[in-house]
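First up is the structure itself, then whatever we jot down about it.
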Amino acid sequence: MLIFQIKYLLLPIIKCEAMVRFLLSIQIDDAYLYPILWGLGALLLVLLSVSLVIQYRNGFKIRKELEELDRVRQDNIEYDLVLKAMKLSTWHIDAKKRTLTFDADFRGGTNNYFTATETPLDLIPDLLAPNDSQRVMSSLEDLISGRKMIYEEQYQTRGSATGQPYWEQSFATVANRDEEGMPTLIVGASMRIDDQKHMETALINARNKAEESDRLKTAFIANMGHEIRTPLNAIVGFADLLPVVESEEDRNQLISEIQMNNHKLLQIIDGLVSMSKIEAEAKSLVKAQIDIVPILQSVANEHKQLVDGVTVAIATRFPYDELLMNTDADKLREVIDNLMQNAVKFTLHGTITLGYNLSEGDHVRIWVQDTGKGIAQEDQQRIFERFVKVDDYIPGAGLGLSVVKSHVESLGGIIGLESEINKGSTFWIDLPLM
């Protein structure tokens, strides 16, 4: 480019030199014609000098234009890079024609987006979620009519190809106005904000869960004083009566009451200890090959002592007298014990049945079925959460089923239930045999 410009500037000088040589080489006899020729030569020299200046200025202008073109090309590369990095789309609105056109789209692929040219604004509401349509179009009309300078909205829209909804945020401003000051051109940019919205939703859910957990903890602490004091008062009171009671029958009755309340108090303390160990992740698995039938039978026998056998009866249903399983015996016993305690607590009449059956594959399903009051459908999902009690009038800390769920998951199993109000519930756990 530089060599070309040098040649371009030297060309008039070369022409001047050639003309002077031409004039010097001419032999003219007429004395009047000779000055005329030199005058013409001088005039041509002046013209060539002017041409030299003009060409120099034109060359300088061309050089500036080339530099500006390179700068614009570099700016366009950087502009595209920013759009790609930010995953933006740029668009403009012709306020007179009321049409929208996308100029560039780097949101992740134009095939998934509505990017037709000169789309009538009247079609835009059909692409927006119903609860966002009126708000977004009203804000856009305010910008087009000149009532405001900046447009910024978040909304749900859908791709023209897939039809799947997604979240988007758009910004726009007035680029040009007519003689009367009314907007003629609106320029804007849009970007997808699905990740941001998902994060906001997760944060809101986490906050709500934390608030609910805090509320339940407060209720739990307030309730624990009553839960512990009730059996403790019964133990102390009946123990004080023992020395003054002479009847053997009355003494046995008092001893029975003391043992029953002692068992209730122990259950509460065990639940608190188990939950604290789970919170601290201090209770590790100790797996071994065991026969689970004696464990199930032992838990059933223990709970038979807590019912009268007439109003409420405990039954078992074991298809095999022996079932070997690789698991943690202590955790398994605690799980079954909590499920049986729950059934005894909510069953006032009928039967509580503990059983198991082999599922498909290498799993066993252990279940506890009762004829108690049942659990409402809306409470069946949250009943395994900590401190949740579906009936505040029934004694308990609201920890048992939460402990059960944690233990079952640590053993590699799952827990579920089927329940119907006033007909009873069946809690089941699926555990791997190996």
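Of all residues in segment 117-151, those that are open to solvent by less than 80 Å² (accessible area, probe 1.4 Å), of a type outside the set (Lys, Arg) and over 31 Å from the mean Cα position of the chain (by Cα) total 9.
Being modelled with pLDDT of 85 or more, under 23 Å from the mean Cα position of the chain (by Cα) and not in a helix (DSSP H, G or I), is that true of even one residue in segment 170-186? The answer is yes; a qualifying residue exists. Of all residues in segment 414-434, exactly one satisfies the criterion of being open to solvent by 80 Å² or more (accessible area, probe 1.4 Å) and of a type in the set (S, T, N, Q), namely 422. Of all residues in segment 268-286, one or more are open to solvent by 30 Å² or more (accessible area, probe 1.4 Å), under 24 Å from residue 370 (Cα atoms) and at pLDDT below 90.
The values are calculated or read from the model by the stated rules, or taken from the named source; none is laboratory data. Just so it is clear, the structure is predicted and the values come from calculations on it, not from any experiment. Calculation scope for accessible area: heavy atoms of the full protein, side chains included, ligands and nucleic acids excluded. Shrake-Rupley method; radii C 1.70, N 1.55, O 1.52, S 1.80 Å.
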